[in-house]
Amino acid sequence: MMMRQTAKKALGLTSRQSTPWSVGIFRSYHENVIDHYDNPRNVGSFDKNDPTVGTGLVGAPACGDVMKLQIKVDEKTGQIVDARFKTFGCGSAIASSSVATEWVKGKAMEEVLTIKNTEIAKHLSLPPVKLHCSMLAEDAIKAAVKDYKEKRVKTNGA
Amino acid sequence: MNRTKKLVASISTFLTRRTSHPSSSSTLRFNPLATFATNPQTNLTRESLQPPPSPAKPLTILPFSGRAFCSESCDKRSSSVCWNCGFSSEKAAFLFCHSCRSIQPVDDSVDYFQIFGLEKKYELDGGSLEGKYKDWQKKLHPDLVHNKSQKERDYAAEQSAKVTEACRTLTKRLSRAMYLMKLNGKNVNEEETVTDPTLLMEMMELREAIAEADDSKELNQIQSQVQEKLKQWSDSFADAFESERFDEAVNCIRRMTYYEKACEEIVKKL
């Protein structure tokens, strides 16, 4: 337990509330969500100013969540080679962005734009009340791609 | 397993209660059997027993008289008729009938500000809210209405819940702001994703600072900064709302939501 806390501290994720689910709760999180919460993949940041990096920063007005998703793109092939995320929000939001970073890796930018929030929600079995978290992840992906493209235009134009 | 049963049981009782008790709009065609059994004073032949409202009657043409017909959704402040004594008033009788003092069913046209006798504005004197809340609960709390009929006790429970909800909504600045906007028909769209980079960057950094803060001193410092920002945006909201700059008001509410969330996180850590 202590190890996990220190590991989480190292990842800068202590702002998340401690595991809200306990034995006996009527509705619990799906195991996929718990998996992403306990073993988050791709947490971290890229250098925002790196020209190969696209940063998507989105927020959910209802719950005050913030989600940052970054992609690293191979300039020659246009493929996403790596991704990182940092999310402040509920377990579902964190899991959604974690899943998003996993799914964008190794795909072309045009392809990731077709990732739908419903797919993320299905993968995590999100209840209706948490659907907006997956929507946020979809928006984050789109924002990251958009940011990268805009940066390219700027560097090419300059 | 037990919990599921309890949940199902409570839901089914709730549903049967709802269906067996008339809502405010249908008090005009109350069930004579129900009142007859519980309240001997009810005079079924009096003017209170009105024919069912004609469904085709549009709300807007309703005259403000005691015998006005009320169609299904009484969301205007039309007159209401007491289910017990038939006393009718122009003002929606909130909670109690002015004539026979029996508890009325929840009337959705009564807004939270009316319950506490407050003006529909953002600035609020917290003390007055608390006092009035206690007064209402003294009259309405389900535990205190033993001597009344089952029907009235049910109404009391509903009214009590509404009063509690009202108090909760009006006490906190953010919910009060959102409620005010709602009353003015300007629903704050919570679904739309926020993409304002400056706002989000600031929030990201704030949340990171909270996450990295080690001791309570640092956290308290951040908290006071956030509280200050909240006050600032709260004032901006008041200003924007008064001047009917509703888009700006929505923006203020957004910011307040984020700051409130940050405060919650700090409190959790402390």
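The values are calculated or read from the model by the stated rules, or taken from the named source; none is laboratory data. Here the structure is a predicted model, which means the values were calculated and not measured. Using ideal geometry, Cβ is built from the backbone for each residue, glycine included, and neighbour counts are taken over all protein chains shown.
Of all residues in the stretch A:59-71, those satisfying the criterion of being at negative phi and at the interface with chain B (Cβ under 8 Å from one of its Cβ atoms) are A:Gly59, A:Ala60, A:Pro61, A:Ala62, A:Cys63, A:Asp65, A:Val66, A:Lys68. Every condition in (1) out of contact with any helix residue (DSSP H, G or I) (no Cβ under 6 Å at 6 or more places or on another chain); (2) outside any helix (DSSP H, G or I) is met by B:Ser128 except one, and the failing one is (2). Against the numbered list (1) part of a loop (DSSP other than H, G, I, E, B); (2) in contact (Cβ under 8 Å) with a residue 40 or more places away in the chain, B:Met178 comes up short only at (1).
Are any residues in the stretch A:102-158 surrounded by fewer than 22 Cβ atoms within 10 Å (Cβ to Cβ) and among the hydroxyl-bearing types (Ser, Thr, Tyr), and if so, which ones? A:Thr114, A:Thr118, A:Ser125, A:Thr155, listed by residue number. So, B:Glu152, is that one assigned to a helix (DSSP H, G or I), more than 15 Å from the chain's Cα centre (by Cα), touching a residue at least 40 places away in the same chain (Cβ under 8 Å) and in the same structural domain as B:Asn84 (by TED's automatic domain parsing) or not? It is true that B:Glu152 is assigned to a helix (DSSP H, G or I), more than 15 Å from the chain's Cα centre (by Cα), touching a residue at least 40 places away in the same chain (Cβ under 8 Å) and in the same structural domain as B:Asn84 (by TED's automatic domain parsing). Name the single residue, out of those in the stretch A:43-90 being among the aromatic types (Phe, Trp, Tyr) and assigned to a strand (DSSP E or B), that is surrounded by the most Cβ atoms within 10 Å (Cβ to Cβ). Top of the filtered list is A:Phe85.
Listed here are the residues, each with its yes/no results for (1) within 14 Å of chain B (Cβ to nearest Cβ); (2) under 20 Å from A:Cys63 (Cα atoms).
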site: A:Thr118; (1), (2): no, yes
site: A:Pro127; (1), (2): no, yes
site: A:Cys133; (1), (2): yes, yes
site: A:Asp139; (1), (2): yes, yes
site: A:Tyr148; (1), (2): no, no
site: A:Lys154; (1), (2): no, no
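When B:Thr169, B:Thr195 are checked against the criterion of being β-branched (Val, Ile, Thr), surrounded by 14 or more Cβ atoms within 10 Å (Cβ to Cβ), on the phi < 0 side of the Ramachandran plot and in contact with a strand residue (DSSP E or B) (Cβ under 8 Å, 6 or more places away or on another chain), B:Thr195 stands alone in meeting it. The residues of the stretch B:173-206 that are within 7 Å of chain A (Cβ to nearest Cβ) and modelled with pLDDT under 85, listed by number, are B:Glu190, B:Glu191, B:Glu192, B:Thr193, B:Val194, B:Thr195. Residue count for the stretch B:225-270 under the criterion of being of a type outside the set (A, V, I, L, M, F, W, C) and away from chain A (no Cβ under 12 Å): the result is 16. Being facing chain A (nearest Cβ under 9 Å), more than 30 Å from B:Pro142 (Cα to Cα) and of a type outside the set (S, T, N, Q) is the requirement here; does B:Ile222 meet it? The answer is no for B:Ile222.
Among residues belonging to the stretch B:181-191 that are over 14 Å from B:Thr257 (Cα atoms) and free of Cβ contacts under 8 Å to residues at least 60 places away in the same chain, point out the one that is surrounded by the most Cβ atoms within 10 Å (Cβ to Cβ). Filtering the stretch B:181-191 for residues that are over 14 Å from B:Thr257 (Cα atoms) and free of Cβ contacts under 8 Å to residues at least 60 places away in the same chain, the one surrounded by the most Cβ atoms within 10 Å (Cβ to Cβ) comes out as B:Lys182.
Kindly establish whether B:Ala209 is assigned to a helix (DSSP H, G or I), within 14 Å of another protein chain (Cβ to nearest Cβ), farther than 29 Å from B:Asp107 by Cβ and among the aliphatic types (A, V, I, L, M). For B:Ala209, the condition - assigned to a helix (DSSP H, G or I), within 14 Å of another protein chain (Cβ to nearest Cβ), farther than 29 Å from B:Asp107 by Cβ and among the aliphatic types (A, V, I, L, M) - is met.
Criterion first (in a helix (DSSP H, G or I), among the charged types (D, E, K, R) and within 20 Å of B:Thr195 (Cβ to Cβ)) does A:Arg152 satisfy it? Yes. For the stretch A:30-58, the set of residues classified as in contact (Cβ under 8 Å) with a residue 60 or more places away in the chain and within 14 Å of chain B (Cβ to nearest Cβ) consists of A:Gly54, A:Thr55, A:Gly56, A:Leu57, A:Val58, listed by residue number. I want to confirm something. Restricting to the stretch A:72-97 and keeping residues that are within 13 Å of chain B (Cβ to nearest Cβ) and among the β-branched types (Val, Ile, Thr), which single residue is nearest to A:Ile34 (Cα to Cα)? It comes out as A:Ile94.
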